[in-house]
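A quick write-up on the structure given underneath.
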Amino acid sequence: LLFIVGTVSCTLFLAVNGLYSASDDVIELTPTNFNKEVIQSESLWLVEFYAPWCGHCQRLTPEWKKAATALKGVVKVGAVDADKHQSLGGQYGVRGFPTIKIFGADKNKAEDYQGGRTSDAIVDAALSALRSLVKARLSGRSGGYSSGKQSRESGGGDKKDVIELSDDSFDKNVINSDDVWMVEFYAPWCGHCKNLEPEWAAAATEVKEQTKGKVKLAAVDATVNQMLASRYGIRGFPTIKIFQKGEDPVDYDGGRTRSDIIARALDLFSDNAPPPELLEIISEDVLKSTCDAHQLCIISVLPHILDTGASGRNSYLDVMLKMAEKYKKKMWGWLWTEAGAQSDLESSLGIGGFGYPAMAAVNARKMKFALLKGSFSEQGINEFLRELSVGRGSTAPVGGGAFPKIHSVEPWDGKDGELPVEDDIDLSDVDLDDWDKDEL
């Protein structure tokens with residue numbers, strides 16, 4: 001009697017903790033083996049997501065086993081305890097039990113099975129899906145599935161700028177890097193990851209170009225590189241983390257479009273990038289190289305050193321440096337010259353001869369410029385540049401349609417200016433009294 005009671009108890013325990021066993025033709029699937037068994041497989045798969053306590057699942061179990069036996073060697077039939085493995089069920093949007101999905105040629109686009117719950121209906125649906133898969137292969141539309149990692153690497157130029165990282169390569173590339181890293185942790189079977197992939201790849205190329213490689217976009221297959229996934233507590237896919245030198249990683253919780261990703265990357269770049277250089281126009285090369293390399297170059301003409309002294313000039317330069325810092329994400333060029341030193345340039349920008357300090361924003365590609373109309377102050381310049389950044393403000397063509405001749409001048413030495421030294425006149429031999437009388 002004790003033996004019988006023990007056997008019954010054991011049977012009930014198994015029923016509560018799993019509807020399938022190793023002796024069935026149904027293959028038990030878990031997060032550990034799902035990628036290898038299903039996603040990387042060339043076979044067609046039918047997968048049931050179930051909960052052991054679900055009555056409908058319990059009634060489906062004998063039919064599912066019967067279908068698995070009938071389809072053995074033809075179509076793979078699996079089952080996921082989605083109550084136990086909620087993350088796996090969540091990746092496929094499982095909201096109720098049982099949920100049956102068909103994994104065909106494109107394993108990242110599983111189809112919902114909406115047919116009957118009998119073994120006959122299940123087998124018919126499997127054979128219909130198998131026929132579609134074979135026909136697609138015959139027509140050359142699909143040769144089966146390639147794993148997420150392979151598809152990333154074989155995607156050609158559009159994915160070339162996403163850096164694949166692994167347990168072995170992560171630390172030496174990311175942790176001690178002076179660059180900013182945005183790292184996507186993905187699973188090849190994850191539908192959301194597949195949707196993100198082209199956006200991530202397009203963003204990677206744009207970000208690389210706009211930040212000169214100072215912000216990098218990378219990807220980690222978390223199903224293969226489990227040490228990294230464990231270290232950073234990756235529990236869902238895709239998870240994106242931002243790594244900056246000397247700081248703890250933070251989650252990226254922004255939008256998943258390329259424009260969202262690019263915008264955040266540029267913010268990160270501007271936060272970490274040094275402000276652009278503020279250069280004095282001492283030669284034609286300085287002007288040309290700066291204006292040709294940037295969308296806009298901001299040129300200030302400051303008063304003569306005799307009018308301001310060093311402290312006055314430095315206060316103007318400080319205002320420019322603050323604005324260069326504020327707008328560094330725009331990656332504009334910043335230049336200055338002293339009033340009168342480049343008079344031809346002043347004339348071509350409509351400045352010439354008065355109203356110093358002055359500022360012009362020049363688009364060297366279009367040879368157009370806009371003039372600061374407000375005050376040469378943080379507030380006035382900020383308003384001017386803000387209007388420019390959103391495409392507003394009046395512009396005019398650069399005089400002559402090209403930059404004029406630039407004179408080579410000595411750079412400012414940082415000191416107050418000195419009046420020109422005049423020759424001394426010796427008046428000791430002049431009788432001023434007689435001179436005054438003669439004049440009268």
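Remarks
- Here is the figure for segment 368-385: residues that are open to solvent by less than 50 Å² (accessible area, probe 1.4 Å) and either acidic (Asp, Glu) or under 32 Å from the mean Cα position of the chain (by Cα) (or both) total 6.
- Segment 386-411: number of residues that are under 17 Å from Leu349 (Cα atoms), in contact (Cβ under 8 Å) with a residue 40 or more places away in the chain and surrounded by 14 or more Cβ atoms within 10 Å (Cβ to Cβ): 7
- Any chance Ile261 is within 23 Å of Lys208 (Cβ to Cβ) and of a type in the set (A, V, I, L, M, F, W, C): yes
To keep it simple, each residue is scored yes or no on (1) of a type in the set (Asp, Glu); (2) over 19 Å from Ala129 (Cβ atoms); (3) touching a residue at least 12 places away in the same chain (Cβ under 8 Å).
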residue	(1), (2), (3)
Leu19	no, yes, yes
Glu28	yes, yes, yes
His56	no, yes, yes
Gly78	no, no, yes
Ser87	no, yes, yes
Lys101	no, no, yes
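- Residues of segment 205-234 that are modelled with pLDDT of 90 or more and among the basic types (Lys, Arg): Lys208, Lys214, Lys216, Arg231.
- Taking each residue of segment 127-138 that is over 15 Å from Val74 (Cβ atoms) and looking for partners that are open to solvent by 40 Å² or more (accessible area, probe 1.4 Å) and of a type outside the set (Lys, Arg) with beta-carbon atoms closer than 7 Å, six or more apart or interchain, yields Arg137/Gly143.
- So Arg264, is it at pLDDT below 95 and either crowded, with 18+ Cβ neighbours inside 10 Å or in contact with a Gly (Cβ under 8 Å, 6 or more places away or on another chain) (or both): yes
The rows are residues; the columns are (1) under 25 Å from Val174 (Cα atoms); (2) of a type in the set (Val, Ile, Thr); (3) touching a residue at least 40 places away in the same chain (Cβ under 8 Å); (4) buried (at least 18 other Cβ atoms within 10 Å of the Cβ).
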| site | (1), (2), (3), (4) |
| --- | --- |
| Ala229 | yes, no, yes, yes |
| Pro238 | yes, no, yes, yes |
| Asp248 | yes, no, no, no |
| Ala273 | yes, no, yes, yes |
| Cys291 | no, no, yes, yes |
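- Any hit, segment 181-200, residues being open to solvent by less than 10 Å² (accessible area, probe 1.4 Å), small (Gly, Ala, Ser) and under 18 Å from Gly255 (Cα atoms): no
So that you can scan it fast, the table gives a plain yes or no per residue for (1) on the phi < 0 side of the Ramachandran plot; (2) modelled with pLDDT of 95 or more; (3) surrounded by 12 or more Cβ atoms within 10 Å (Cβ to Cβ):
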residue	(1), (2), (3)
Leu2	yes, no, no
Ser9	yes, no, no
Ser23	yes, no, no
Asn35	yes, no, yes
Ser41	yes, no, yes
Pro52	yes, no, yes
Ala79	yes, yes, yes
Asp83	yes, no, yes
Ser87	yes, no, yes
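- Failed item in (1) over 17 Å from Ile282 (Cα atoms); (2) of a type in the set (Phe, Trp, Tyr); (3) open to solvent by less than 30 Å² (accessible area, probe 1.4 Å), with Tyr356 passing the rest: (3)
- Selection of segment 302-325 for residues being over 20 Å from Lys212 (Cβ atoms) and open to solvent by 30 Å² or more (accessible area, probe 1.4 Å) yields His304, Leu306, Asp307, Thr308, Ser311, Asn314, Ser315, Tyr316, Asp318, Leu321, Lys322.
- Qualifying residue in segment 63-77 (condition: modelled with pLDDT of 90 or more, open to solvent by 60 Å² or more (accessible area, probe 1.4 Å) and small (Gly, Ala, Ser)): yes
- Selection from segment 371-424 of residues that are part of a loop (DSSP other than H, G, I, E, B) and of a type in the set (S, T, N, Q): Ser375, Ser377, Ser394, Thr395, Ser408
- As for segment 213-222, it holds at least one residue that is within 27 Å of Gln86 (Cα to Cα), open to solvent by less than 40 Å² (accessible area, probe 1.4 Å) and outside any strand (DSSP E or B).
The values are calculated or read from the model by the stated rules, or taken from the named source; none is laboratory data. All values derive from a computational prediction rather than experimental measurement. Glycine also receives a Cβ, built like all others from the backbone with ideal geometry; neighbour counts cover every protein chain displayed. What goes into the accessible areas is simple: the full protein's heavy atoms, side chains included, and nothing from ligands, DNA or RNA. Shrake-Rupley method; radii C 1.70, N 1.55, O 1.52, S 1.80 Å.
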